[in-house]
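First the structure, in the form of structure tokens, and then the observations on it.
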Amino acid sequence: MKTFQKPPGTQDVLPNTVETWQFVEKTARDLCRRFHYREIRTPMFEATELYQRGVGETTDIVEKEMYTFEDRGHRSMTLRPEGTAGVVRSYVENKLYGDPDIAKLYYIGPMFRYERAQAGRYRQFHQFGVEAIGSDDPALDAEVIALGYQFYKEVGLNGITVEINSVGTPEIRASFRTKLLNFLEPMRSSLCEDCQSRMDRNPLRVLDCKVDQPKFEGAPSILDSLDEECTDHFTQVRQSLDAMDIPYRINPRLVRGLDYYTHTAFEYKAQGIGSIDTVGGGGRYNGLVAEVGGDDRPGVGLGIGLERTLLLLENQQIQPNMDTALDVYVITLGENADRESPVIVQKLRNAGLAVDRDYQGRKMKALFKAADRTGARFTAILGDDELERGEIALKNMATGEQQHVPLSELATVVFSFITEHKKGNNQP
Ligand code: ATP
Ligand code: MG
């Protein structure tokens with residue numbers, strides 16, 4: 001028989017791991033609620049041209065990582081490789097700019113890039129991202145940076161550092177490009193193949209190269225090329241971060257892969273995922289809304305890789321405390337009692353408890369073992385005798401204590417036991 005395997009670079013998230021995912025997602029959602037970002041859900045695929053324009057023709061993503069296909073109507077479609085272009089497309093299409101307030105949006109979902117799969121790098125991966133569109137205020141850049149920093153803190157990670165830079169405006173980058181090329185030209189032949197080809201197409205991105213990084217020690221800094229307005233914006237972002245006590249390092253070689261950034265660019269760094277050291281990043285993109293056909297609106301956003309977040313959690317042996325245990329495992333013994341089982345289970349569940357029972361016709365010993373395996377806090381045991389007396393036995397699995405409870409009051413009694421029990425557990 002032919003068997004199937006998941007496609008390379010994809011992952012099955014199985015129970016046990018999924019709880020960590022849920023915890024991370026819940027943390028992100030709660031954070032966004034407090035920062036007043038609202039969720040937006042956009043399609044998993046868009047017109048290819050959106051990414052060509054919105055991400056940039058000379059980026060790794062567009063040049064070699066997109067899952068592009070022709071649909072049956074002969075349109076070129078692409079599975080979304082990142083979240084910003086789709087959100088901005090939606091912002092324009094749905095005229096969100098007509099709102100008197102700025103748009104503060106977030107998303108959590110899968111992205112697709114055809115990459116060489118390794119730990120921390122997949123073909124289907126997940127991002128949590130935010131986009132704030134409609135304001136030029138440097139305090140908003142700082143808010144977005146702070147949100148990401150707080151996210152890592154609240155999932156419990158240690159050792160996340162923030163790096164920031166200003167990439168100026170397209171005009172400033174054009175003049176900086178000349179200075180940079182003057183510096184790079186003499187070493188052209190010693191640079192990696194990627195760098196050599198980037199020198200011709202998008203020299204700024206040479207600075208992003210991991211391989212040749214040490215050679216760029218003496219490279220000109222884009223910060224020296226900024227005009228007054230850009231310098232002022234950057235200073236204000238830094239002042240805002242300082243005021244909020246967000247630690248950061250200025251990295252003048254931080255340019256990021258995407259073409260549409262203006263002013264602020266930032267990354268979150270961490271050690272522990274092989275050679276990968278970036279776990280999230282973002283920046284200001286004042287040119288993007290116009291690039292995808294909208295009015296000229298400034299924006300700033302970030303994207304955080306969730307697989308990398310989970311890998312770090314695992315490395316740092318952080319296990320989120322998710323309540324997955326059963327409250328009650330119901331065991332019935334005897335024909336009449338068995339018939340009552342669905343009713344008892346239903347009553348407890350409808351009362352808000354997590355409850356399960358046997359569906360494999362197992363005998364007494366196996367049933368008690370099954371109850372143990374579930375980690376249920378209580379086992380409720382109903383035999384024909386108890387049923388006749390209108391009672392049920394309730395066993396506290398932690399203490400071994402057992403007592404009889406009137407069947408009619410089961411849900412109420414168990415519920416108050418469980419609440420007591422949970423209260424006890426929460427005590428320091
Ligand atoms: P890298 O330099 O690692 O390729 P990138 O610059 O392509 O990253 P971005 O486009 O900025 O990454 O995406 C933001 C975040 O999304 C990254 O910091 C990372 O955490 C995550 N990410 C990007 N590509 C992948 C991938 N193929 N697999 C897993 N996570 C990814
Ligand atoms: Mg990449």
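Which one of these is open to solvent by less than 20 Å² (accessible area, probe 1.4 Å), touching a strand residue (DSSP E or B) at 6+ places or on another chain (Cβ under 6 Å), more than 21 Å from Gly287 (Cβ to Cβ) and in contact (Cβ under 8 Å) with a residue 40 or more places away in the chain: Ala270, Ala265? Before you say what the answer is, go through the steps one by one.
On the way: Ala265 fails: more than 21 Å from Gly287 (Cβ to Cβ).
Selected residue: Ala270, the only one of Ala270, Ala265 that is open to solvent by less than 20 Å² (accessible area, probe 1.4 Å), touching a strand residue (DSSP E or B) at 6+ places or on another chain (Cβ under 6 Å), more than 21 Å from Gly287 (Cβ to Cβ) and in contact (Cβ under 8 Å) with a residue 40 or more places away in the chain.
Annotation: of all residues in the range 303-362 being free of Cβ contacts under 8 Å to residues at least 40 places away in the same chain and of a type in the set (Gly, Ala, Ser), the one that is least open to solvent (accessible area, probe 1.4 Å) is Ala354. Of the residues making up the range 90-118, those that are open to solvent by 60 Å² or more (accessible area, probe 1.4 Å) and in a loop (DSSP other than H, G, I, E, B) are Asn94, Lys95, Asp99, Pro100, Asp101, Ile102, Tyr114, Arg116.
Does Tyr107 qualify as being aromatic (Phe, Trp, Tyr), in contact (Cβ under 8 Å) with a residue 60 or more places away in the chain and away from ligand 2 (no atom under 16 Å from the Cβ)? I'd like the intermediate steps shown before the answer.
Numbers: aromatic (Phe, Trp, Tyr): yes; in contact (Cβ under 8 Å) with a residue 60 or more places away in the chain: yes; away from ligand 2 (no atom under 16 Å from the Cβ): yes.
Yes: the conditions hold for Tyr107.
Here is the figure for the range 229-262: residues that are hydrophobic (A, V, I, L, M, F, W, C) and open to solvent by 60 Å² or more (accessible area, probe 1.4 Å) total 2. Looking at the range 75-89, is at least one residue assigned to a helix (DSSP H, G or I), under 15 Å from Ala132 (Cα atoms), open to solvent by 10 Å² or more (accessible area, probe 1.4 Å) and away from ligand 1 (no atom under 16 Å from the Cβ)? Checked against the condition, which is being assigned to a helix (DSSP H, G or I), under 15 Å from Ala132 (Cα atoms), open to solvent by 10 Å² or more (accessible area, probe 1.4 Å) and away from ligand 1 (no atom under 16 Å from the Cβ), the range 75-89 yields at least one hit. Considering the range 279-298 alone, what residues qualify as being free of Cβ contacts under 8 Å to residues at least 24 places away in the same chain and either outside the structural domain of Ile102 (by TED's automatic domain parsing) or within 16 Å of ligand 2 (Cβ to nearest atom) (or both)? Across the range 279-298, there are no qualifying residues.
Let's see how each residue does on (1) among the small types (Gly, Ala, Ser); (2) part of a loop (DSSP other than H, G, I, E, B); (3) open to solvent by 80 Å² or more (accessible area, probe 1.4 Å); (4) within 16 Å of ligand 2 (Cβ to nearest atom):
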{"position": "Thr10", "(1), (2), (3), (4)": "no, yes, no, no"}
{"position": "Pro15", "(1), (2), (3), (4)": "no, yes, yes, no"}
{"position": "Arg33", "(1), (2), (3), (4)": "no, no, yes, no"}
{"position": "Arg41", "(1), (2), (3), (4)": "no, yes, yes, no"}
{"position": "Gln52", "(1), (2), (3), (4)": "no, no, no, no"}
{"position": "Gly56", "(1), (2), (3), (4)": "yes, yes, no, yes"}
{"position": "Ile61", "(1), (2), (3), (4)": "no, no, no, yes"}
{"position": "Arg72", "(1), (2), (3), (4)": "no, yes, yes, no"}
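Filtering the range 374-397 for residues that are within 38 Å of the chain's Cα centre (by Cα) and open to solvent by 60 Å² or more (accessible area, probe 1.4 Å) leaves an empty set. From the list Arg121, Arg201, the one residue that fits, being within 16 Å of ligand 2 (Cβ to nearest atom), out of contact with any Leu (no Cβ under 9 Å at 6 or more places or on another chain) and open to solvent by 50 Å² or more (accessible area, probe 1.4 Å), is Arg121.
The values are calculated or read from the model by the stated rules, or taken from the named source; none is laboratory data. All figures in this text were calculated on a predicted structure; none of them were measured in a lab. Counting neighbours? That spans all protein chains shown, and the Cβs are built from the backbone with ideal geometry, glycine included. For accessibility, only protein heavy atoms count, side chains too; no ligands or nucleic acids. Shrake-Rupley method; radii C 1.70, N 1.55, O 1.52, S 1.80 Å.
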